Every structure is written in structure tokens, then in C-alpha cells.
Amino acid sequence: MEEKRVRTRMAPSPTGEYHIGHIRTLLYNWAFAKKYNGDFILRIEDTDRERFVAGATDRILEVIKSYGLVWDEGPQVGGPHEPYFQSQRLEIYQKHAQILLDKGAAYYCFCTEERLEKMREEQKARHVVSTKYDRLCLKLDKSEIEKKLKDKVPYVIRMKVPDNKEITFNDLVIGDISVPSSDIDDQVLIKSDGFPTYHFAVVIDDHLMEISHVMRGNDWIPSTPKHVLLYQAFGWDMPYFAHIPNLKEMGAGKKLSKRFGAVAAKEFLDEGYLPEAVLNFLMFLGWNPGTDKEIYTLNEFVKDFSIEKIHKTDLVAFDRNKLLWMNSQYIQKSQISDLPDGKAGLKSQIFKFFGGKYDAAVIEKILPLLQTRIKTLKEFADLAGFFFEKPKVDKKILSNNWKNHLSMAVEVLESLEKWGKSDIDEGLLSAVKEKNFKTGEFFMDFRIAVTGSKFTPPINESIVILGKYEVLKRLKAVLGSKSNIKY
RNA sequence: GGCCCCAUCGUCUAGAGGCCUAGGACGGCGGGUUUUCAUCCCGUAAACCCCGGUUCGAAUCCGGGUGGGGUCACCA
């Protein structure tokens with residue numbers, strides 16, 4: 001038997017911002033295709049004209065690219081199965097609906113939404129276990145149908161679900177799943193606006209685009225039987241299905257919620273997370289190599305990823321704490337300068353993140369002091385602000401002895417001939433000893449006077465970069481405003 | 001409610017009948033290094049949902065219960 005070429009896909013709907021969970025699913029699909037030298041296809045499922053959001057497609061495409069993931073076929077790049085927008089494939093769906101109609105596997109339905117609503121209410125009132133279409137229009141004979149069609153009565157096309165059939169399919173991560181056909185509604189295939197429903201379009205496109213593996217969130221499990229039925233009605237081979245655990249918020253709640261932080265894929269980037277770090281974090285949400293290795297590049301992931309290793313579980317918590325840790329790992333290990341291959345170093349990333357607000361040369365100089373202290377790019381501003389602008393100093397947080405401390409610092413630093421770290425260390429430390437200051441207390445006052453903060457990078461190393469003139473200016477400014485106080 | 005799926009530390013997970021006194025990582029706690037904050041290092045607490053069965057032996061297999069989740073649209 002010939003093995004099918006591996007082709008996976010991700011099919012976003014342009015109904016809003018791209019969710020971080022979608023990036024995770026996309027990543028798995030992408031990696032699986034790459035692992036087997038297959039193709040990863042991107043398809044836009046824009047069949048819902050009511051929820052359609054203008055510009056959403058472009059934004060989705062942008063985010064995916066900003067995470068460094070690329071598709072082999074799809075929008076912008078094209079491919080052998082164009083078009084990749086479902087809204088441009090309407091005739092294809094119509095044609096296939098006709099095939100099913102001819103086979104008796106589908107039928108016209110002229111019921112109005114009002115009637116369907118009423119029908120469901122009645123079913124509920126009678127405590128029917130699960131509401132389903134009552135197949136009223138299945139009783140229509142040919143002439144009635146033709147007349148309604150001729151009169152342009154709005155209609156949908158429904159799938160005719162076989163009676164008393166056990167629908168079984170194999171899921172690569174879950175195993176065999178089977179559902180009685182009596183539990184499945186006569187699904188709408190073509191909506192009254194002529195557009196296909198998701199269930200119909202997805203099956204046709206996956207088949208036509210020769211998708212070999214369908215990997216998606218496990219919330220799709222209940223609708224997979226509908227798809228199976230469609231494959232069978234057409235007489236097509238089914239792709240392999242693999243349903244992966246969905247993401248949930250830590251603690252209370254289920255879905256990821258804005259209440260707990262970023263949700264949209266783009267937000268994480270805006271908050272100063274590195275794409276590689278987010279991806280690395282995402283890899284482990286439902287998958288594990290079975291070793292202790294946790295830091296993974298994309299290439300390593302492609303190599304080690306396998307569907308067998310996907311965790312067979314229901315929900316996976318999105319631990320923002322661990323993401324933060326992961327990001328800090330990547331920041332710490334980042335090269336500061338740009339790499340020879342053109343990959344942006346930490347310096348460039350920070351420069352870009354803040355839109356050029358901070359001078360790149362200064363960023364480069366101070367980064368060694370900050371690399372172990374920032375967990376996101378955004379935090380750079382909090383910790384490094386004093387390098388770029390004069391801080392506000394709250395004198396209330398200084399020690400009682402602050403004036404003596406700062407006066408000594410001015411005296412010592414002013415007399416320094418060389419402005420190296422060891423010169424500063426030695427000068428200050430010996431003076432501290434000589435004057436019998438408490439080392440910690442002195443340096444804290446000194447730190448606050450120069451930076452305005454109690455938590456900073458190493459102070460002596462910082463002032464080396466800040467420069468003698470600037471440091472003395474800051475010390476004198478703090479002293480000066482209080483110099484009229486005499487003891 | 002019907003149907004479907006799931007069940008190991010707080011979290012992500014390792015674990016495919018004996019290697020489990022259940023391992024790793026994040027987080028927590030304690031300590032060390034340190035002029036602050038971090039980093040780094042060391043240590044520590046913390047889990048097999050319950051009940052039956054199979055077996056010489058079960059976190060691992062089977063059954064039931066309980067709990068959680070998903071889904072039941074002319075949305076995807």
C-alpha cells in the first residue's frame with residue numbers, strides 16, 4: 001500500500017483576532033507536515049457572512065508570520081488547489097451538493113427559521129432528549145419541490161443521515177469513537193444564502209486539497225461523525241483524525257479569558273514575549289517528548305514531535321507563570337547583537353519593541369546588566385529607564401544618614417581619575433570603611449539617588465555606563481535641594 | 001438532559017503490570033552566593049478520584065461509580 005503524502009492544514013475563520021490556542025494547533029499541524037517533508041496548507045474559512053470581520057484575514061496572516069510560521073499553500077503564496085478562500089469556491093460546494101442530492105443523500109428543506117425554532121421549543125416541551133430536525137421537508141414529493149424552487153422559496157440543503165447506523169472512526173490520539181446515527185441531526189449543508197456550512201465545506205476542501213491528517217481541538221469530536229457520514233456519502237477515503245486537548249485558564253474558568261491576561265496571539269508579542277518562547281511553551285501544552293528536555297527550537301520540535309506523544313487528556317491549563325519563565329529563559333540566552341545570519345539580536349528586538357524610543361548603542365551597553373533581570377521585553381523600560389532620563393528621587397526612602405552618604409560619594413567620585421568599575425569599587429568601598437558607614441546602607445542611598453529606585457542593576461556597573469558627569473549631576477541634585485537643612 | 005471524551009503533585013507532565021520509596025519542570029517554601037533586585041546553586045513540601053475485579057504483583061488491564069469537559073445552529 002502506498003503511503004499518502006503528509007498534508008496538514010489550518011483553516012482560520014476571519015471572525016476576529018487570532019487566538020493563542022489557534023497558534024498552538026497550527027504549530028502542531030505545521031510541525032507534523034515538516035517532520036514528514038509534507039505540506040502545510042492554510043485555508044480561509046470565510047463562509048459566515050454575518051460574523052465576517054473586514055481585515056481579519058490580513059491580521060491573521062500577519063500574526064502567523066510574526067510567529068515565524070509559514071505555509072506551503074494558501075493565501076498570498078497560492079498553490080495547486082486554488083482558491084484557498086472558501087468564499088471563492090462556492091460553485092464547488094454547489095456541485096457537490098448536487099451530487100448528494102442526486103444520490104438521495106441530501107434533500108431540500110424549505111422550513112423557515114421561525115418554524116425550526118418553534119419545532120425545537122415543542123420538542124423541548126415534550127422532553128425530547130436532543131432536538132433534531134423533524135424531516136418535514138423530506139416528505140415533499142418531486143413536483144412540490146420543483147414548484148417551490150421555481151417560486152424562489154428560500155431553501156437550505158440538508159444531509160440525510162442514515163437510520164440505525166453506528167458511525168465509527170479512529171482517532172489517532174483518542175482511539176476508536178463511535179456514535180449512533182440516531183444522535184445526529186440532518187445537518188444543513190448549504191445555507192439559504194448559497195454558502196456552505198462549515199461541516200460541508202471542510203469535508204470537500206480537505207478531500208480536494210488532499211489533506212492526509214486533520215489535527216484540531218477536541219471540541220470537534222462531536223461533529224466528526226457528521227464529516228464521516230459525508231466522506232461515506234461521497235465514497236471518499238477519510239483523512240486521519242487527531243483531536244488534541246483544548247486549552248483552559250488556570251484556576252477557575254474554562255476558556256482562556258482576558259481577565260487573566262493576553263488571549264490573542266498578537267497580544268503576547270505586544271507584551272514583550274519572544275515568538276520562540278511562546279512557541280516553545282505552546283509545544284508542551286498537550287505534548288511531551290518523554291524526556292527532561294524542555295527548551296526546544298522549532299527544528300528540534302519538528303524532529304521530536306509525534307502524534308503518539310500527544311497527551312490523551314481533556315483540557316490543558318495555560319500556565320501564564322510558566323510562559324513567563326520560558327520567556328525569561330529565552331531572553332537570558334539571547335545573543336545581544338544581531339547574528340551573522342541576519343537574525344535580530346536582543347538589542348534590535350528591544351529597539352524595535354519600543355519603536356526606537358531608546359538609543360540602540362546604549363541598549364547594547366546596558367543589556368548585559370539587564371538580561372537576567374527582565375522576563376519580557378516590556379520590562380526593559382521599568383528597569384532601564386534611569387539610563388535614559390533623570391529619575392525622580394523620593395527622599396523619604398533614603399536612610400537617616402543619606403546626606404553624609406551622598407556627600408562622601410560626590411567627594412570620592414569627583415576625585416577619581418579613572419572611571420572604571422574597579423576604580424569606583426575601590427574608591428567607594430575604602431571610603432565606606434574609613435567613615436564607618438554601613439556598606440549596605442550607603443549603597444542603597446547611593447543607588448536611590450542615582451536611579452530613583454531600590455531595585456536596580458548593579459549600581460557601580462551602572463554608573464560606569466552612565467558616566468561621571470551625569471552621576472555627579474544627579475548626586476548633587478539630590479543633595480542640593482536639601483542643602484539648606486543644617487544639622 | 002441525550003450523546004461523546006477525559007481523569008498522576010497547585011500547573012505542564014514522565015509512566016505502556018514488577019525498574020515507583022511514583023521521576024522532571026514551573027510555581028511555593030527554606031537555605032547559600034550577593035552592596036539592592038535578579039541570575040545561579042542546594043534542599044524541601046506536594047499527586048496515582050473512589051469501589052470492585054483480573055494477576056504472584058496494578059498508577060498502568062477490565063467493570064461500575066464519582067468528578068470534569070465538550071457538543072447538541074442556516075457559527076466555525
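Give, as a single signed number, the net charge of other residues whose beta carbon lies under 13 Å from the beta carbon of A:K357, with Lys and Arg counted +1 and Asp and Glu -1. Spell out each step's value before the answer.
Values: positive: A:K352, A:K378; negative: A:D359, A:E389.
Neighbour charge sum, excluding A:K357 itself: 0.
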Measuring from the longest principal axis of the C-alpha atoms of chain A, the long axis of helix A:113-125 (C-alpha) lies at a number of degrees, nearest 10, equal to 90
Computed on Cα atoms, Rg of the stretch A:395-480 relative to 2.2 N^0.38 Å comes out at 0.96
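Please compute the net charge surrounding A:G194, taking Lys and Arg as +1 and Asp and Glu as -1 over other residues with Cβ under 11 Å from its Cβ. Intermediate values should be presented prior to the final figure.
On the way: positive: A:R49, A:K191; negative: A:E91, A:D193.
In short, 0.
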Between the Cα axis of helix A:56-66 and the main Cα principal axis of chain A, the angle (0 to 90°, nearest 10) is 50
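Could you please report the charge total around A:T15, scoring K, R as +1 and D, E as -1 over all other residues with beta-carbon less than 10 angstrom from its beta-carbon? Don't skip to the end; give the middle numbers.
Values: positive: A:R51; negative: A:E17, A:E45, A:D46, A:D48, A:E50.
Charge balance in the 10 Å sphere: -4.
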antiparallel share of DSSP beta bridges within chain A, to nearest 5, in %, is 50
Per residue convex hull volume, Cα only, the stretch A:1-68, in Å³ is 89
Cα-based Rg/(2.2 N^0.38 Å) for chain A, rounded to two decimals, is 1.38
In the stretch A:260-357, the trypsin sites (Lys or Arg not before Pro) that sit in a DSSP loop and have at most 11 other Cβ atoms within 10 Å of their own Cβ are A:K293, A:K343, A:K357
Residues whose built amide H sits under 5 Å from the amide H of A:R9, excluding neighbours closer than 5 in sequence, are A:I41, A:M215
If each part is reduced to its alpha-carbon centroid, the stretch A:179-205 and the stretch A:393-453 end up apart, in Å, by 75
Loop-resident chymotrypsin sites (Phe, Trp or Tyr not before Pro) in the stretch A:183-233 with no more than 11 other Cβ atoms inside 10 Å, DSSP not H/G/I/E/B, are none
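Kindly flag which residue pairs out of A:K254/A:K303; A:K4/A:K333; A:K95/A:K303; A:K303/A:K365; A:K35/A:K293; A:K4/A:K226 have an alpha-carbon separation exceeding 30 Å in this structure. Don't jump to the answer; show the numbers that get you there.
Working: A:K254/A:K303 32 Å; A:K4/A:K333 40 Å; A:K95/A:K303 41 Å; A:K303/A:K365 37 Å; A:K35/A:K293 19 Å; A:K4/A:K226 23 Å.
Beyond 30 Å between Cα atoms: A:K254/A:K303; A:K4/A:K333; A:K95/A:K303; A:K303/A:K365.
Since every read-out is calculated from the coordinates, none of them should be taken as a lab result. These numbers were taken from a predicted model, which means no experiment stands behind them. Using ideal geometry, Cβ is built from the backbone for each residue, glycine included, and neighbour counts are taken over all protein chains shown.
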